[in-house]
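> Pasting a structure here, questions to come.
The values are calculated or read from the model by the stated rules, or taken from the named source; none is laboratory data. Quick caveat: nothing in here was measured; it's all calculated off a predicted structure. We place every Cβ from the backbone using ideal geometry, glycine too, and count neighbours over all the protein chains shown.
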């Protein structure tokens, strides 16, 4: 298994190509009945991918759902140390339950991913701009920023109407090291947010199921009704009593 996971580092080295940097993006919470959707973004470069930590530890990194909570939290703590040392850049973005209602889950996921990426680069950093010449003003020279030499890998299919140029990577968290790292950032961050919501709304057990459609969670919703953190669009069939038991596995994560 560890040998297979080390292929994630090799995949990223190939994806890097002539680009200076690679950013992996993934989300957590897309299929939940309650709470925010959270996106993680992790930037890496060749020095990191060929460096001591990646060579020694790439085998510990995997799709966040394949790791225990303890393994995810230990890795996230190491990511923070790597970021403090300037070896990677790790950020996250959040779209809350109200934004899921307004934008639908795809729009909210796209928003969370944009917010995560904005913690690293702005969309305008990827826009081609005319390079200053001898006739440029001092203001034009000061405002000029070259196109970023960076590739963005997003887990899943390519996103429409997204302001960043990117490549969609189906099952990216099982193929790319930086995408798998981003999945861990997203999952650990969202779990912590759900723990906080558990204290605010103790009837639902958010700390245990993180807002997913477990039997415990569905029973609590039916007993107490939804709270402000529940996604109304996701609950319509449940509240109408039209649950197909054969389909409930799609809700659990």
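> Just the residues that are under 14 Å from the mean Cα position of the chain (by Cα) and assigned to a loop (DSSP other than H, G, I, E, B), please, taken from the range 171-187.
Scanning the range 171-187 gives 171, 176.
> Scan (1) crowded, with 17+ Cβ neighbours inside 10 Å; (2) in contact with a strand residue (DSSP E or B) (Cβ under 7 Å, 6 or more places away or on another chain); (3) at pLDDT below 95 for the single condition residue 5 breaks and write down its number.
Every condition holds for residue 5 apart from (2).
> Among the residues of the range 200-238, which ones are surrounded by 19 or more Cβ atoms within 10 Å (Cβ to Cβ), touching a residue at least 60 places away in the same chain (Cβ under 8 Å), in a helix (DSSP H, G or I) and within 23 Å of the chain's Cα centre (by Cα)?
Selection gives 206, 234.
> Could you give every pair whose Cβ atoms fall below 6 Å, whose first residue belongs to the range 14-32 and is over 29 Å from residue 233 (Cβ atoms), and whose second residue is surrounded by fewer than 17 Cβ atoms within 10 Å (Cβ to Cβ) and at pLDDT below 95, counting only separations of at least 6 or pairs across chains?
Close Cβ pairs satisfying both conditions: 19/149; 20/149.
> So residue 145 fits all but one of (1) touching a helix residue (DSSP H, G or I) at 6+ places or on another chain (Cβ under 7 Å); (2) farther than 22 Å from residue 78 by Cα; (3) at pLDDT 95 or above; what number is the exception?
Checking residue 145 against (1) touching a helix residue (DSSP H, G or I) at 6+ places or on another chain (Cβ under 7 Å); (2) farther than 22 Å from residue 78 by Cα; (3) at pLDDT 95 or above, the one that fails is (3).
> May I pose another question? Can you tell me which residues in the range 10-35 are within 30 Å of residue 201 (Cβ to Cβ) and out of contact with any helix residue (DSSP H, G or I) (no Cβ under 6 Å at 6 or more places or on another chain)?
If the condition is that a residue be within 30 Å of residue 201 (Cβ to Cβ) and out of contact with any helix residue (DSSP H, G or I) (no Cβ under 6 Å at 6 or more places or on another chain), then 31, 32, 34 are the ones that fit.
> Inspect the range 188-199 for any residue being part of a helix (DSSP H, G or I), touching a helix residue (DSSP H, G or I) at 6+ places or on another chain (Cβ under 7 Å), at pLDDT below 95 and closer than 21 Å to residue 100 by Cα and give the result as yes or no.
Looking for residues that are part of a helix (DSSP H, G or I), touching a helix residue (DSSP H, G or I) at 6+ places or on another chain (Cβ under 7 Å), at pLDDT below 95 and closer than 21 Å to residue 100 by Cα, one finds none in the range 188-199, hence no.
> For the range 88-101, how many residues are buried (at least 19 other Cβ atoms within 10 Å of the Cβ) and either assigned to a loop (DSSP other than H, G, I, E, B) or at positive phi (or both)?
1
> If we keep just the residues of the range 107-130 that are surrounded by 11 or more Cβ atoms within 10 Å (Cβ to Cβ), in a loop (DSSP other than H, G, I, E, B) and out of contact with any strand residue (DSSP E or B) (no Cβ under 6 Å at 6 or more places or on another chain), which is modelled with the lowest pLDDT?
Within the range 107-130, the match that is modelled with the lowest pLDDT is 129.
> Which residue, of 16, 67, is closer than 14 Å to residue 183 by Cβ and at pLDDT below 95?
Values: 16 fails: closer than 14 Å to residue 183 by Cβ.
Only one candidate passes the filter, namely 67.
> Looking at the range 19-32 only, could you name the residues that are surrounded by fewer than 24 Cβ atoms within 10 Å (Cβ to Cβ) and either at pLDDT 95 or above or within 30 Å of residue 213 (Cβ to Cβ) (or both)?
Residues satisfying the conditions are 21, 30, 31.
> State which residue is surrounded by the fewest Cβ atoms within 10 Å (Cβ to Cβ) when the search covers only the range 148-177 and only residues that are more than 16 Å from residue 123 (Cβ to Cβ) and in contact with a helix residue (DSSP H, G or I) (Cβ under 6 Å, 6 or more places away or on another chain).
Ranking the candidates gives 175 first.
> Right, another one. Which of (1) assigned to a helix (DSSP H, G or I); (2) at pLDDT 95 or above; (3) over 19 Å from residue 156 (Cα atoms) is the odd one out, the single condition residue 11 does not satisfy?
Of (1) assigned to a helix (DSSP H, G or I); (2) at pLDDT 95 or above; (3) over 19 Å from residue 156 (Cα atoms), only one is false for residue 11: (3).
> Mind checking whether some residue in the range 42-53 is in a helix (DSSP H, G or I), within 13 Å of the chain's Cα centre (by Cα) and on the phi < 0 side of the Ramachandran plot?
Within the range 42-53 (the criterion being in a helix (DSSP H, G or I), within 13 Å of the chain's Cα centre (by Cα) and on the phi < 0 side of the Ramachandran plot), the answer is no, since none of the residues qualifies.
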